[in-house]
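J.: Sharing a structure, written as C-alpha cells. Questions coming.
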C-alpha cells in the first residue's frame, strides 16, 4: 500500500523537496503526551538533531516538549522556536567555550557532562559569570543497543560518556566545585532501537548505579534515559506512530524510583521520522547490461542515510500503477554510494514519475549538503500546500 499524497500539487513544485504531514506529526506528539502523562514524573525533550526545520520545531514546542540540544546552533534554534530555556538540556562530547557560555547566558536547565576536563571548563566559565550551572553526568553503562554500529553509543569502546569505574571520582570532583551543581545522571545507548529489551538492560544497570550511590548517601534528582526508540521503516503506512506506551512502561516497570525523582527522555527519530517524505523525480530510466536504473534528481546530498548507514527507506512510485519491475534507484551525484536502493520493486518507471522516499523526517533534511554545488531542498507542509 502506498502513502496518500497531493500528487497534483507536487507536479507544480520543483523537485527534490521534503514533504511533511503535519497530522502525522501532531498525532505522534499527542500519543507522546498521553503516554508520558500516565506517569507524573516523566519529562520529554525533543532531540533537535533529528530535524531542526523551524515549523517542525514550532509544532513540537506547541505540544509542550522540551529540547535536547547538542550544539550552540541547536540551542539558538530551540530558543528561536520558543522552547522555554528551563526545558533545554545541552549534551555532546565536545562543547566549545562559546557554546557553554551561550547555555549559561540563557540559564538552560542542564548541561550533560561527559568528562572531567569538560566539567572543569563549565565550572570555570560559570564562575566568570557569577553563576552556578546545573550538570548531569552522562554515564557510559556498557549496554548494547542491537542497532547499527555507527549509532551505538553506550558501549565501553564508544567515545561518549564517563566510564562506570570513573563515576564516583567525577561526582566527588563536582561536589568540591562552587559553580556547578550535580542534579542527575544521563544515559544514551544508541539510536533506531527496535529491540526494547535493550532498554530493560539499561534499567537494570541504572538500578545498580543508584544502589551504589544510595550507599554513599548521594541522592539523584533526575534520571535522563536519552532517546533511541526506533521507527518502522518498512511499514510507514501501517505503523506511523511508534509504541510509546510500551516504551514508557518499560522504565516504569523496571526502574525503582523515589517519589520525588524526575525521569527524562530525549526522543528524536521516533517523533519526526514518519511525518517526512523526500519527493524526487525520475530523470532517466537506464537499461544496463544486467539491471535497470531509475535515475532520480535527489541524491545523498538530500538524504544521506542510505549511503552513510546502508539504511533502508521504503520507495514508492506515486505516479504509476503499472505492473512492478525491478530497479536500482540512484541519484545524480558523482559517487558510487549515491544509491537509495538496489533491486527495488516499483510500478513501471518512466521519465517524469514522482518517487517518494518514505520515513525521511529524521536525519534527512537536517543532514542535507551542498556537495556538487547543489541547492538545499525546500520543505513543504500538508497544512499549507
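J.: Filter region 230-241 down to the residues that are out of contact with any strand residue (DSSP E or B) (no Cβ under 6 Å at 6 or more places or on another chain) and either surrounded by 14 or more Cβ atoms within 10 Å (Cβ to Cβ) or within 28 Å of residue 203 (Cα to Cα) (or both) and list them by number.
T.: Initially, region 230-241 is screened for residues out of contact with any strand residue (DSSP E or B) (no Cβ under 6 Å at 6 or more places or on another chain), giving 231-241.
Passing the criteria: 231, 232, 233, 235, 236, 237, 239, 240, 241.
J.: A follow-up question, please. Please indicate, with yes or no, whether at least one residue in region 239-250 is in a strand (DSSP E or B), under 19 Å from the mean Cα position of the chain (by Cα) and outside the structural domain of residue 361 (by TED's automatic domain parsing). Working first, answer last.
T.: Step one: list which residues in region 239-250 are in a strand (DSSP E or B), which gives none.
No, every residue in region 239-250 fails to be in a strand (DSSP E or B), under 19 Å from the mean Cα position of the chain (by Cα) and outside the structural domain of residue 361 (by TED's automatic domain parsing).
J.: Here's something else I'd like to know. State whether one or more residues within region 126-147 are surrounded by fewer than 16 Cβ atoms within 10 Å (Cβ to Cβ), at positive phi and either modelled with pLDDT of 90 or more or more than 25 Å from the chain's Cα centre (by Cα) (or both).
T.: yes
J.: Residue 4 is checked against (1) in a loop (DSSP other than H, G, I, E, B); (2) in contact with a strand residue (DSSP E or B) (Cβ under 6 Å, 6 or more places away or on another chain) and fails just one. What number does that condition carry?
T.: Evaluating residue 4 over (1) in a loop (DSSP other than H, G, I, E, B); (2) in contact with a strand residue (DSSP E or B) (Cβ under 6 Å, 6 or more places away or on another chain) leaves (2) as the failure.
J.: Specify the residue that is surrounded by the most Cβ atoms within 10 Å (Cβ to Cβ); the eligible residues are those in region 109-119 that are in contact (Cβ under 8 Å) with a residue 40 or more places away in the chain and either assigned to a helix (DSSP H, G or I) or out of contact with any strand residue (DSSP E or B) (no Cβ under 7 Å at 6 or more places or on another chain) (or both).
T.: If we take residues in region 109-119 being in contact (Cβ under 8 Å) with a residue 40 or more places away in the chain and either assigned to a helix (DSSP H, G or I) or out of contact with any strand residue (DSSP E or B) (no Cβ under 7 Å at 6 or more places or on another chain) (or both), then 119 is surrounded by the most Cβ atoms within 10 Å (Cβ to Cβ).
J.: Follow-up. Please give the number of the condition residue 281 fails out of (1) free of Cβ contacts under 8 Å to residues at least 40 places away in the same chain; (2) assigned to a strand (DSSP E or B).
T.: Among (1) free of Cβ contacts under 8 Å to residues at least 40 places away in the same chain; (2) assigned to a strand (DSSP E or B), the lone unmet condition for residue 281 is (1).
J.: Hey, another quick one. Give region 209-229 a look and list any residue that's exposed (fewer than 14 other Cβ atoms within 10 Å of the Cβ) and assigned to a helix (DSSP H, G or I), or say none.
T.: Taking region 209-229 and keeping what is exposed (fewer than 14 other Cβ atoms within 10 Å of the Cβ), we get 211-212, 214-217, 219.
If the condition is that a residue be exposed (fewer than 14 other Cβ atoms within 10 Å of the Cβ) and assigned to a helix (DSSP H, G or I), then 211, 212, 214, 215 are the ones that fit.
J.: Among the listed residues 10, 5, 17, identify the single one that is closer than 16 Å to residue 363 by Cα, more than 17 Å from the chain's Cα centre (by Cα) and either at pLDDT 95 or above or surrounded by fewer than 20 Cβ atoms within 10 Å (Cβ to Cβ) (or both).
T.: On the way: 10 fails: closer than 16 Å to residue 363 by Cα; 5 fails: closer than 16 Å to residue 363 by Cα.
Going through 10, 5, 17 in turn, just one is closer than 16 Å to residue 363 by Cα, more than 17 Å from the chain's Cα centre (by Cα) and either at pLDDT 95 or above or surrounded by fewer than 20 Cβ atoms within 10 Å (Cβ to Cβ) (or both): 17.
J.: I would also like to ask the following. Which of the numbered conditions does residue 43 fail, given that it passes all the others? Conditions: (1) under 17 Å from the mean Cα position of the chain (by Cα); (2) within 17 Å of residue 273 (Cα to Cα); (3) surrounded by fewer than 22 Cβ atoms within 10 Å (Cβ to Cβ).
T.: Just one mismatch for residue 43, condition (2).
J.: I'm trying to understand the selection: among the residues of region 172-200, which are crowded, with 19+ Cβ neighbours inside 10 Å and either under 21 Å from residue 213 (Cβ atoms) or not assigned by TED's automatic domain parsing to the domain that holds residue 132 (or both)? Spell out the reasoning first.
T.: Pass one, region 172-200, residues crowded, with 19+ Cβ neighbours inside 10 Å: 174, 177, 180, 182, 184-193, 198-199.
Residues satisfying the conditions are 174, 177, 180, 182, 184, 185, 186, 187, 188, 189, 199.
J.: Criterion first (on the phi > 0 side of the Ramachandran plot, out of contact with any strand residue (DSSP E or B) (no Cβ under 7 Å at 6 or more places or on another chain), buried (at least 16 other Cβ atoms within 10 Å of the Cβ) and in contact (Cβ under 8 Å) with a residue 60 or more places away in the chain) does residue 274 satisfy it?
T.: Numbers: on the phi > 0 side of the Ramachandran plot: no; out of contact with any strand residue (DSSP E or B) (no Cβ under 7 Å at 6 or more places or on another chain): yes; buried (at least 16 other Cβ atoms within 10 Å of the Cβ): yes; in contact (Cβ under 8 Å) with a residue 60 or more places away in the chain: yes.
Considered against the rule, which asks whether it is on the phi > 0 side of the Ramachandran plot, out of contact with any strand residue (DSSP E or B) (no Cβ under 7 Å at 6 or more places or on another chain), buried (at least 16 other Cβ atoms within 10 Å of the Cβ) and in contact (Cβ under 8 Å) with a residue 60 or more places away in the chain, residue 274 comes out as no.
J.: Residue by residue through region 172-208, note down the ones that are in contact with a helix residue (DSSP H, G or I) (Cβ under 8 Å, 6 or more places away or on another chain), assigned to a helix (DSSP H, G or I) and within 28 Å of residue 125 (Cβ to Cβ).
T.: Of everything in region 172-208, those that are in contact with a helix residue (DSSP H, G or I) (Cβ under 8 Å, 6 or more places away or on another chain), assigned to a helix (DSSP H, G or I) and within 28 Å of residue 125 (Cβ to Cβ) turn out to be 173, 174.
The values are calculated or read from the model by the stated rules, or taken from the named source; none is laboratory data. This is a predicted model, so every value here is computed, not measured. Don't worry about glycine lacking a Cβ; one is built from the backbone with ideal geometry, like all the others, and counts go over all protein chains shown.
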